[in-house]
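The values are calculated or read from the model by the stated rules, or taken from the named source; none is laboratory data. On a predicted model such as this, the values are computed, not experimentally measured, just so you know. Neighbour counts are summed over all protein chains in view; Cβ atoms, including those assigned to glycine, are modelled from backbone coordinates with ideal geometry.
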Amino acid sequence: MTTTGTDQTIAFPEGGYRYARGVFQYSAGVAALPGFAIERVRFQQPVPLEEGFDVIAAHLGAIGRPLAALCACELRSPAPFSERGFLDFNRVYAGTLERWGLVRGERNPVARTNVCPRIGAPATPAFQAFSYTVPADDDAAPPSFVVSGGGEAPDGHASYREVMVRLGDTSPDGLRAKLGYVMTEMERRLAVLGFGWRDAAAVQAYTVHDIGALVFDEIVQRGGLTTGLTWHLARPPIVDMEVEMDLRCARRELALSWP
């Protein structure tokens, strides 16, 4: 792995992508290296975590791609975790990536979103979608990338609660502050990868609160809604966190039934 000098990302050549450094459970985002593109597969129904990894391995093998090509995971969980529960889950999740040779020490190149649907939540943590790289020689196509999900607290602290924006405040002003922080963090991650809002083909927001009145001021006017907004009625994965977002621009998107 080498750090690129122009955009502050770290190249992961065996996977065909580069990534923005995050925390041990996920990177802040990924972008395809030259000669590669990112494809995304969405499951029709969430697939339990262990089976999901097996399906991903089988899919990558079937298309002739190594396990290292996995670059982003989209998870769904039954309910928000306590901070201890979140850490325990992350160690299990990252353990598979370590066995696959992707996670090395505390460096994890794979981007991730993990949220908790209000309706139709899975019984156990599960995969909703995943992304991977494939060889590509179409230089005219737009670059492909995935920005990891982020909520209203910075990563890398001993406790999310200690740094959460407007902890416990779900008033209109509180939600505005939370959404504003999340938008700023999405912009930061985009910039590290070398992109901006107009490069995003999909912008997803996750919250169970009504943010409709905030969309124009906090998202549209910041340039973050050129291709529309997908709003999921879901909670972030940690108790008391209220808003999360992620972004992507995949070269191709597929649907896969399971089992």
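Odds and ends about this structure:
- Asp169 vs. criteria without any contact (Cβ under 8 Å) to a residue 60 or more places away in the chain and touching a Leu at 6+ places or on another chain (Cβ under 9 Å): yes
- The residues on offer are Phe89, Phe43, and the sole one that is in contact (Cβ under 8 Å) with a residue 24 or more places away in the chain, of a type outside the set (Asp, Glu) and either closer than 17 Å to Asp246 by Cβ or part of a strand (DSSP E or B) (or both) is Phe43.
- Looking only at the stretch 202-225, residues that are in a loop (DSSP other than H, G, I, E, B) and modelled with pLDDT of 95 or more come to 5 in all.
- Restricting the stretch 40-75 to residues that are of a type in the set (D, E, K, R) and surrounded by fewer than 23 Cβ atoms within 10 Å (Cβ to Cβ), the residue that is farthest from Ala234 (Cα to Cα): Arg65
- Among the residues of this structure, Ala191 does not count as one that is assigned to a loop (DSSP other than H, G, I, E, B) and either at pLDDT 95 or above or among the basic types (Lys, Arg) (or both).
One line per residue, one yes/no per condition, for (1) touching a strand residue (DSSP E or B) at 6+ places or on another chain (Cβ under 7 Å); (2) buried (at least 16 other Cβ atoms within 10 Å of the Cβ); (3) basic (Lys, Arg):
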residue	(1), (2), (3)
Val147	yes, yes, no
Gly150	yes, yes, no
Ser159	no, no, no
Tyr181	no, yes, no
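- Criterion: assigned to a loop (DSSP other than H, G, I, E, B) and within 18 Å of the chain's Cα centre (by Cα) - qualifying residue of Pro109, Pro122: Pro109
- In the stretch 188-200, the residues that are crowded, with 17+ Cβ neighbours inside 10 Å and free of Cβ contacts under 8 Å to residues at least 60 places away in the same chain: Trp197, Asp199, Ala200
- Unique match (being within 25 Å of Met164 (Cβ to Cβ), buried (at least 18 other Cβ atoms within 10 Å of the Cβ) and hydrophobic (A, V, I, L, M, F, W, C)) among Val239, Val243, Val215: Val243
- Odd one out for Val208 among (1) within 25 Å of Gly22 (Cα to Cα); (2) within 19 Å of the chain's Cα centre (by Cα): (1)
- Residue count for the stretch 20-61, restricted to those that are aliphatic (A, V, I, L, M), closer than 17 Å to Asn90 by Cα and under 13 Å from the mean Cα position of the chain (by Cα): 2
- Failed item in (1) closer than 22 Å to Arg18 by Cα; (2) part of a helix (DSSP H, G or I); (3) not charged (D, E, K, R), with Gly64 passing the rest: (2)
- Filter result (at pLDDT 95 or above, closer than 30 Å to Ala58 by Cβ and in contact with a helix residue (DSSP H, G or I) (Cβ under 9 Å, 6 or more places away or on another chain)) within the stretch 226-259: Pro237, Glu244, Asp246, Leu247, Cys249
- Conditions (1) assigned to a loop (DSSP other than H, G, I, E, B); (2) within 19 Å of the chain's Cα centre (by Cα); (3) loosely packed, with under 14 Cβ neighbours inside 10 Å; number of the one not met by Asp138: (2)
- The condition (being modelled with pLDDT of 95 or more, touching an Asp or Glu at 6+ places or on another chain (Cβ under 8 Å) and aliphatic (A, V, I, L, M)) is satisfied by just one residue among Val41, Val55: Val41.
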